[in-house]
Amino acid sequence: VFAKNVFYDFEDLPLAQEAYRTYVIGVTAPRGAACDAVTWDIDEPYHYTRLHPRDSETDILIAGGEDHPDDEKGNPHQAFAHLEEWVRAHFPYAGPVVANWTGALK
């Protein structure tokens, strides 16, 4: 059974969204210590995580967040520090940071 009005008027959809800057770190984690899922919270600023297998004994816990509009000047050092604090508070088994990067979200 198909519902009526499944298709929306695209004129009502925003065609442009504000670009955001996001910050991401990768930390080592013992294999199996974290759930293999994509997670996020509803805090402000929000945070998200996912796992990436590294080797037979460790995973890389990828954590991101501390987003801000791309046209606002951010402080990457502060954002990475806050992100690492958040990871350590929520994932006490997290090992050292092995990577960090930023990206633009649209």
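When the convex hull of the Cα atoms of the range 56-103 is projected onto a plane and the area is averaged over all directions, what value comes out in nm²? Numbers along the way, then the final one.
Details: hull surface 15.4 nm².
That works out to 3.9 nm², a quarter of the Cα hull's surface.
Under the 0.36 nm per residue contour assumption, what length would be gained going from the current alpha-carbon distance of Q17 and R88 to full extension? Could you put the intermediate results ahead of the total?
Working: separation 71, 0.36 × 71 = 25.56 nm, distance 3.21 nm.
Using 0.36 nm per residue and subtracting the Cα-Cα distance, I get 22.4 nm.
Return the Cα extents of the range 22-106 along principal axes one, two and three, sorted largest first, each rounded to a whole Å.
Largest to smallest, the principal-axis extents are 42, 23, 23 Å.
Read-outs throughout are calculated quantities, based only on the coordinates presented, and are distinct from any laboratory measurement. Bear in mind that the values here come from a model prediction, so they are computed numbers and not experimental data.
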